[in-house]
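Visitor: Provided herewith is a single structure, encoded as C-alpha cells, for subsequent inquiry.
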Amino acid sequence: MHALLAAVAALPPRYGHVVTMYHFAGRDCHQIGRALGISHYAVKWRLSEARRRLRGKLAELAEWEQSGN
C-alpha cells in the first residue's frame with residue numbers, strides 16, 4: 001500500500017488530485033468536476049491517464065524488487 005500511496009503522491013497534481021478524490025474520498029466524476037471547475041469528461045480522462053501512469057510506475061517498482069534490489 002505504501003508504494004501505491006507514494007506513486008499517487010508522485011503524480012502531477014492534475015492527476016493526483018482526481019485519483020485522491022475519486023479513490024480515497026469517494027467522490028464521483030461529476031462532484032470532482034464541479035470542485036475543480038472542469039467537466040466530468042475531463043475528470044474521466046485524467047483518471048485514465050493517472051491509472052496508466054500508475055500502472056507503469058508500479059510495474060517498474062515490481063521489476064526493481066524482483067531483481068533483488
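Visitor: Please give the length that would be gained between HIS23 and ALA3 if that part of the chain were fully extended, namely 0.36 nm times their separation in residues minus their C-alpha to C-alpha distance (nm, one decimal).
Guide: Contour length minus Cα-Cα distance gives 5.6 nm.
Visitor: A further question follows. Give me the percent of the accessible area of the chain that comes from carbon and sulfur atoms, probe 1.4 Å, all protein chains in place.
Guide: Carbon-and-sulfur percentage of accessible area, whole number: 55.
Visitor: Take the alpha carbon gyration tensor of the chain, find the square roots of its eigenvalues, order them as a ≥ b ≥ c, and report rounded if a/c is under 1.5; if not, report prolate when a/b exceeds b/c, else oblate.
Guide: prolate
Visitor: Would you mind calculating the gained length between GLU65 and SER39 on full extension (0.36 nm times residue separation, minus the Cα-Cα distance), in nm to one decimal?
Guide: 5.5 nm
Visitor: Another question, then. Where only protein heavy atoms count, and the probe is 1.4 Å, what is the accessible area per residue for the chain in Å²?
Guide: 70 Å²
The values are calculated or read from the model by the stated rules, or taken from the named source; none is laboratory data. Predicted, not measured: the structure shown is a model, and the values here were computed from it. The accessibility values were calculated without ligands, DNA or RNA, using every heavy atom of the protein model including side chains. Shrake-Rupley method; radii C 1.70, N 1.55, O 1.52, S 1.80 Å.
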